[in-house]
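Quick notes on the structure that follows.
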Amino acid sequence: MFEPTDDLDAFRQAVRAFAAAELPPELRAAVREGRQPTRAQQTQWHERLAAHGALVPHWPAEWGGRGWSVPQQMAFDEELALADAPELNSVTFDMIGPVLARFGDPAQKQRFLPAIASGRQWWCQGYSEPNAGSDLASLATRAERDGEHYVVNGAKIWTSYAQYADWMFCLVRTAREGKPQAGISFVLIDMASPGITVRPIVGIHGWVVFNEVFLDNVRVPVAQRVGEENQGWTIAKSLLEFERLKLARIGENKRRRARAREAGETRRRGDRRVADLPWFRARFADLEARLIALEANAARFIARQAAGEQLGAEVSMLKMRGSRLIQLWEELIVDALGTDAMPLSPAWLAGEAGAAPRDALAGTASSRRFLARGYTIAGGSSEIQHNILAKQVLGL
Amino acid sequence: MTALTDEQRMLMESAQRWCERANTAPQRRAVAEHPTGCPPERWRELGDMGWLGIALPEADGGLGAGLLAQCLLAETLGRGLLMEPYVASVALGSALMAEVADGELRADWLPALADGTRRVVWAAWEPGGDAEPSPPRTQATRQGDMWRLTGVKSWTPGAGGADALLVAAQMPQEPAAIGLFLVETAASGVTLDSQRLYDDSYAARVEFSNAPARLLRAAPSSEMLALLARVLDRGRVVHGAQTLGTAQTAFEITRDYLRTRRQFGHALSDNQVLQHRLVDLYVELQEAHALCLAAAQDPQPRLVAALGTRCAEVARHVWEEAVQLHGAIGMTEEYVLGAYVRRLALAADLYGTGPDCSERLAELSLGAAS
């Protein structure tokens, strides 16, 4: 079992030692080299984290939570990111787990929470539809009652990692009367159910993150609805506060900072190191100053939460700034690599046997840079975050 | 960052009330028209409030309240657009004096600095020199018990009207030693070329020609430069706090204007494009403020360099957007915003420009460029 200490520096050292010993080398290499980790690689890592009590330390104690403080959890995530561990699937561990712990009935908790906490179950989130992106209230996938089942018909899109998922939590329309948000229910769907088709969507980055999920007369037991019928909107909105702090993505930013420095120190333009060129230095320092400011700002929210304060809409600013900063680092990395960043081997990217990159640092920089565009779109686009801050914080 | 204490809150409230009462636009104009930009009677009033000695030890007549309290005060004074050279005199001059003076000189000067009867600034910069403390070109020579200085220091905010200057000079026959001296401005051989700056504050180039000086401390070059850098960094944090206070007010003026001003039948702030631009300013200010308080609690070079980089960027972004979002009225001198715009534009370049701070941060992370 992994035991955190109050001394955060000592804790960070322990996390580094843990990552060195436990992070599977193939997974570390995949993350480091920008290849898409497989489900099997990730499950192996989840199981090791679970065995050390470090997969869901933020959950309620009853379901495997460990009572780590927010600074301990943040430090843990950060050190793993710096050790080239993959970002954990937040849909599974940060969203559906805590949502079930809070809103699920006893049978649902018993059925799902231990499975998720073991690291072996993977979830995806069926929210977006072809005509409902950020505006979820207009979603059209419908569920009609047939005895003790719902019959679900419709299509979901941009469903991240549906190809890996065992289960999907899904917003469906169960009523057409009243306000658009009022007729939505939150149901849990077994991805092995008859009538489900998953169509992977290859991204401009070459990874399969997104999928379309078609639901054709899928029968879902009513017992798999979470909360009351037509009250699913409340659940969908309830991203827990710790998860919102995580969205500053300090660790993911620091990982990219390290890569940018590595690119600057190892690449040359003529007889000069990139790290000695004025444009690189100015941009690196500009981004680093932003990162230091983001960290100070996140620390302020962490302290407020630790003091028992409710964090309001203001915390949206962390997601807005952290996600944009990741993109700026990726752009700097591509610029530092210059023409070295141009080749991209699809076979290498897909992890095919025998494929080898000519240049492990540069080989997938282009892919990562495209991948990073997703951070300002998913989970409430930056424009939505601006709207939230304008209305709820500035009162405009 | 923990919540403010009652004492800190009271300090900020009293500074805010003082600004509302004693630092209105006509009063600020009067300060700007004063030949030195720092009328002595008003300076003593600041001393009576306890603000000039806030970070000085209690044994020296100060409040011993530390850098964080000083930053909160400076932020409030920045919000109210204090014209007097607070950072130059208190956060740099008095702070350096407290660092190096001892014995009779200390007993003689520090209580007077704390109560505002005297004012000292640090002539820190070499002409055409680095933003960081660098080996001085001013030369010190010894004449019996007295020291004499000869040389030039670059633009020094608040020097006009100061009672004395702190000056680093090269020690004679000891190329690796720097002396820090106290030079009274009324002494023979001291020439101040004091100029009004574009934000209505004042700075002076200073020339010493065999000027009499008292030695406060002599030390090996690297040791003295490290000491000076430490004091300068702490002063920069206070300057950052004051600048961010000013930027916050400029932001609030702009936000309120957009809420009030109506065009095409609705308030300007109903336009989403304008809302988002206000949000960007708000978020940048919040982040920079968090960074400033972190640096106040731990003024290490990396945080100070990051703060300087962000403050310069944010100050510039705020004033440029404030003008643009107001439209033509934002470019007028008579409207309240104008004085804030001029102050922010200047503050962004003071005590190290944004690019200076950014290159320093690059050096800390990437090493010196070869």
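Just so it is clear, none of the values below were taken in a lab; they were calculated from the coordinates. Remember, predicted model here, so these are calculated numbers, not experimental data. Positions of Cβ are generated from backbone atoms using ideal geometry, with glycine treated the same way; all protein chains shown enter the neighbour counts.
Numerical summary
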| read-out | value |
| --- | --- |
| Computed helical MRE - 222 nm, chain A, DSSP H runs ≥ 4 contributing -39500 (n - 2.57), nearest 500 | -13000 deg cm²/dmol |
| Charge sum, other residues only, whose C-beta stays under 11 Å from residue A:101's C-beta, Lys/Arg counted +1 and Asp/Glu -1 | +1 |
| Lys, Arg +1 and Asp, Glu -1 on Cβ, resulting dipole of the protein assembly as shown about Cα centre, debye, nearest 20 | 1460 debye |
| Average beta carbon contacts from partner chains per residue of A:274-284, 10 Å cutoff | 4 |
| Largest-first principal axis extents of the Cα set of chain A (Å) | 75, 49, 48 |
| Dipole of segment A:32-157, positive direction: furthest Cα of A:92, A:50, A:127, with charges on the beta-carbon | A:50 |
| Cβ neighbours within 10 Å from other chains - mean over A:316-324 | 2 |
| Distance between segment A:346-396 and segment B:241-266 - C-alpha centres, whole angstrom | 34 Å |
| Given charges at Cβ of Lys, Arg, Asp, Glu: segment B:235-331 dipole, positive-most of B:319, B:307, B:281 | B:319 |
| Value of relative contact order over segment B:155-287, rounded to a whole percent, pairs C-alpha under 8 Å and six or more apart | 19 percent |
| Magnitude of the charge dipole, chain A, Cβ model with Lys/Arg +1 and Asp/Glu -1, debye to 20 | 800 debye |
| Amide H within-cut-off set for residue A:191, under 5 Å, with H built and near neighbours excluded | A:167, A:168 |
| Subset of A:109/A:237; A:109/A:156; A:179/A:246; A:254/A:391; A:179/A:319 violating a 22 Å alpha-carbon distance limit | A:109/A:156; A:179/A:246; A:254/A:391; A:179/A:319 |
| Average beta-carbon neighbours from other chains, 10 Å sphere, peptide A:301-307 | 2 |
| The protein assembly as shown shape via C-alpha gyration tensor axes, a/c threshold 1.5 | prolate |
| FRET efficiency estimate (nearest 0.05) - Cβ-Cβ, residue B:217 to residue B:152, R0 25 angstrom | 0.70 |
| Cα-based shape type of segment A:234-384, given that a ≥ b ≥ c are square roots of the gyration tensor eigenvalues and the cut on a/c is 1.5 | oblate |
| Between helix B:6-22 and chain B: long-axis angle, C-alpha atoms, 0 to 90°, nearest 10 | 80 degrees |
| Between 0 and 90°, nearest 10: helix A:316-337 axis offset from chain A longest Cα axis | 40 degrees |
| Sequence of A:52, B:276, B:239 once ranked by neighbouring C-beta atoms within 10 Å, starting from the fewest | A:52, B:276, B:239 |
| Segment A:121-197-segment B:57-106 distance, computed between alpha-carbon centres (Å) | 62 Å |
| Segment B:29-99: chymotrypsin sites (Phe, Trp or Tyr not before Pro) falling in loop per DSSP and having at most 15 other Cβ within 10 Å | none |
| Neighbour net charge for residue B:205 - beta-carbon separation under 11 angstrom, K R +1, D E -1 | -1 |
| For segment B:85-146: relative contact order, % (alpha-carbon pairs under 8 angstrom, 6 or more apart) | 32 percent |
| Prolate/oblate/rounded call for segment A:173-319, Cα gyration tensor, a/c under 1.5 rounded | oblate |
| Debye, to nearest 20: dipole size of segment A:1-129, +1 on Lys, Arg Cβ, -1 on Asp, Glu Cβ | 440 debye |
| Charge dipole of the protein assembly as shown about the Cα centre (unit charges at C-beta), most positive-ward option of A:291, B:98, B:201 | A:291 |
